[in-house]
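The values are calculated or read from the model by the stated rules, or taken from the named source; none is laboratory data. What you are looking at is a predicted structure, and each value in this text was computed from that prediction instead of being measured. All Cβ positions, glycine included, derive from the backbone under ideal geometry; neighbour counts span all protein chains shown. Side chains included, ligands, DNA and RNA excluded: accessible areas come from the protein's heavy atoms. Shrake-Rupley method; radii C 1.70, N 1.55, O 1.52, S 1.80 Å.
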Amino acid sequence: MADPSSYRPKPGQIPDSPGVYKFRDEHRRVIYVGKAKNLRQRVANYFQDLAHLHPRTRTMVTTAASVEWTVVSTEVEALQLEYSWIKEFDPRFNVKYRDDKSYPYLAVTLNEEFPRVQVMRGAKKKGVRYFGPYGHAWAIRETVDLMLRVFPVRTCSAGVFKNAARTGRPCLLGYIGKCSAPCVGRVTPEEHRDLAEDFCDFMAGRTGTYIRRLEKDMMQAAEEMEYERAARLRDDAGALKRAMEKSAVVLADATDADLIAVAEDELEAALQIFHVRGGRVRGQRGWVTDKVEAVDTSGLVEHALQQLYGEERGDAVPKEVLVPALPEDTEAVSQWLAERRGSQVSLRIPQRGDKKDLMATVQRNAQQALGLHKTKRASDLTTRSRALEEIAEALGLDTAPLRIECYDISHLQGDDVVASMVVFEDGLARKSEYRRFQIKGFEGQDDVRSMHEVIGRRFKRYLQEKERTGEWEEQPTDTPADGPAATGPVPGPAPTGPVAAPATGPVEDPEPREDDGRPKRFAYPPQLVVVDGGQPQVAAAQRALDELGIDDIAVCGLAKRLEEVWLPDDDDPVVLPRSSEGLYLLQRIRDEAHRFAITYQRAKRAKRIRTSPLDDVSGLGETRKQALIKHFGSVKKLRQATIDEICEVPGIGRRTAESVAAALASTAPAAPAVNTATGEIIEEDDGGSS
């Protein structure tokens, strides 16, 4: 535990300007990011008597080893920089909301020639129009099914679309009138895009226009005695009304707003957001967070606004944002939101009427979400703590292993030998720190030798990081025992350049990297290393650590056959009870390492198998290979082409065409492949295999 006075800046050193500050730990990792109107006043508050600090703030300042800051011109710039740094450095003491589920969106791919309506999850893509999020994917599909009667937009995948275009026959939706069948030319690309844009307009809330138009056309068709057409228009209008009924009217027709509510206690907070577009609730989502910093409701709201709108532009930021408490600097946050939207954004607390009533509903949802989250997590926290304590007791560790790394070797009969490293912190997977290795030191199958190589490479990198940052440095033999030693980063303001130290031995990843606070690949040591295997693998891992002079990291192995735990230099295994939470946690970690390793090994094998004869043509890059396949349609047709025909492809000269023809001729199949079950000849139809 560090003494904050050891890195406290000197009086007058901190400017009294707006800015953003960072606290770093002894490993130079950024652990907290904050902003301030006046840096001098804000940063000085962290260096008062520890007894007067909030417990979480006290933990942060005693974990930190240095503080630095960046001066900006305005408070809006400080807000933007704070958001960027929190996203970049992932500091452990900042509030970070995490979705309580992966929400599906209704997406329209306007970036394609023939836009497609589909369900999408995950990160948003450029050129795609999103509606939602929705609570369930089936709700999206029901809505789309109703609307395809009126807006018959394409919903099929690229493969189905291309196959229909090739055969000249549309899919079933084209036959029953729920797709305009642009694949077979029933409508032009422009007509189909108009349908997609009308679909988007309706989903955006402009519903009255279309329903009135359908009803007018229905009456006109009835007057002209076109009763079948009138009946269809009646059914279309009914379908749109049923689609509208799925999202209740809550506010005036023209209202576009997001309503945010927070439910919190001393340790955690839950956030609920209702997205209202065109007066209707078009989406809902929830976040939960641990209150790892001393923050009130206004601070939670500010963090939520940063995370919710930090990557959004234009109409994705609504005209109105209703919150339970205003951020500390409301003017700066409002200006930041307005810049992202491109027009004025109203940020306020609802005081009366329908908006206040709806906010109460959102608040009830937040309270229920927090209660459900705490119910789920209470036993989970207890179980994880008990599991770590059982592991520490069984292995004779001084403390519970808060960071555990597990390694596994995977191969297929000695080919494509790879290894995985998975990381669990506080009993939970930390997937951002997973790593994969290719075995480089030898060829063939030898799990013990592979484990020795992987452990050696990983911890050699750890020592190099320590030496490079000055955390560990060999002292001259004449240095007195009580003399100064480089035990950590120099406290004070930000360094002016990269900190570099000469590394001994070969460096596997020699590219220069600054001490910027980003999570490094191998900078942080575990308290426990788990290997997938028995005595031989454990001995290999321990030998690798001994060769590097590392003696403060425990090693164990988990053998699959009897689920025995092996320790170095022990002839007998440690047998944990089958009902032990510690054994269950070790099994989960081992299984995750196995899954991660075998996924990587299969990907490498598939990549090796998916080769093309064109790969051997000297000077033929990926772009021109794709151009050849696109021009001829397949490797088979390219193999049948003449040199003059190959030269017709843009970017392909005669010499390259001759090389392509020669490469394909040398790899021509001796006979066609046959499906032995059906007798069907399997033709080569793509450019990715041979």
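Quick one: plug the Kirkwood hydrodynamic radius of the stretch 368-439 (C-alpha pairs) into Stokes-Einstein at 37 °C, 0.692 mPa s, and report D in µm²/s.
Details: Rh = 14.7 Å.
Translational D for this selection: 224 µm²/s.
What the Cβ-Cβ distance of L110 and R141 gives, at R0 = 25 Å and to the nearest 0.05, is a FRET efficiency of 0.80. Counting only Cα atoms, the stretch 47-196 measures 78, 33, 25 Å along its principal axes, largest extent leading.
How about the stretch 408-448: which chymotrypsin sites (Phe, Trp or Tyr not before Pro) there lie in a loop by DSSP and see at most 15 other Cβ atoms within 10 Å?
Numbers: sites: F424, Y434, F437, F442; in loops: Y434, F442.
When the chymotrypsin sites (Phe, Trp or Tyr not before Pro) of the stretch 408-448 are filtered for loop state and at most 15 Cβ neighbours within 10 Å, F442 remain.
Considering the stretch 318-379 at the alpha-carbon level, its Rg and Dmax are found to be 15.2, 47 Å.
What does the extension gain come out to for L372 and F442, with contour length at 0.36 nm per residue minus their alpha carbon separation?
On the way: separation 70, 0.36 × 70 = 25.20 nm, distance 5.21 nm.
Difference between extended and current length: 20.0 nm.
Taking the empirical scaling 2.2 N^0.38 Å for compact globular proteins as reference, the stretch 150-191 has a Cα radius of gyration ratio of 1.02. Cross-linked pairs K124/K291; K319/K355; K216/K355; K87/K604; K22/K374; K22/K466: Cα-Cα separations exceed 24 Å for K124/K291; K216/K355; K87/K604; K22/K374. Sorting the segments 571-581, 269-279 by their residues' average number of neighbouring beta-carbon atoms within 10 angstrom, most packed first, yields 269-279, 571-581. Computing Rg and the Kirkwood Rh from the Cα coordinates of the stretch 275-380 gives a ratio, Rg/Rh, of 0.98.
Ordered by 1.4 Å accessible area with all protein chains kept, L620, L81, L428 run largest first as L428, L81, L620. Once divided by 2.2 N^0.38 Å, the Cα radius of gyration of the stretch 328-467 becomes 1.78. Spatially, the stretch 6-82 and the stretch 270-298 are offset by 27 Å when compared through their Cα centroids.
Would you please name the GluC sites (Glu not before Pro) within the stretch 1-81 that are DSSP coil residues with at most 12 other C-beta atoms within 10 Å of their C-beta?
Those that pass, being in a loop and sparsely packed, number zero.
Mean projected area of the Cα convex hull of the stretch 524-629, taken over all directions, amounts to 11.4 nm².
Which loop chymotrypsin sites (Phe, Trp or Tyr not before Pro) in the stretch 566-608, with loop taken from DSSP, have no more than 12 other Cβ atoms within 10 angstrom of their Cβ?
Details: sites: W566, Y584, F596, Y600; in loops: none.
Here no chymotrypsin sites (Phe, Trp or Tyr not before Pro) fit, given the DSSP loop and packing criteria.
Per-residue surface analysis assigns S66 an accessible area of about 0 Å², computed on protein heavy atoms at 1.4 Å probe radius. With bins 10 Å wide beginning at 0, the percent of Cα pairs of the stretch 535-583 falling in each bin runs 26, 47, 23, 3.
Residue ranges 633-643, 224-234 sort as 633-643, 224-234 when ordered by packing (mean number of other C-beta atoms within 10 Å per residue, highest first). For the stretch 255-409, the per residue solvent-accessible surface stands at 42 Å², with DNA, RNA and ligands left out and a 1.4 Å probe.
Within the accessible area of the stretch 21-112, what % is carbon and sulfur when the probe is 1.4 Å and the other protein chains stay in place? The partial results should precede the final answer.
Numbers: 1750 of 3780 Å².
Percent of accessible area from carbon and sulfur atoms in the stretch 21-112: 46.
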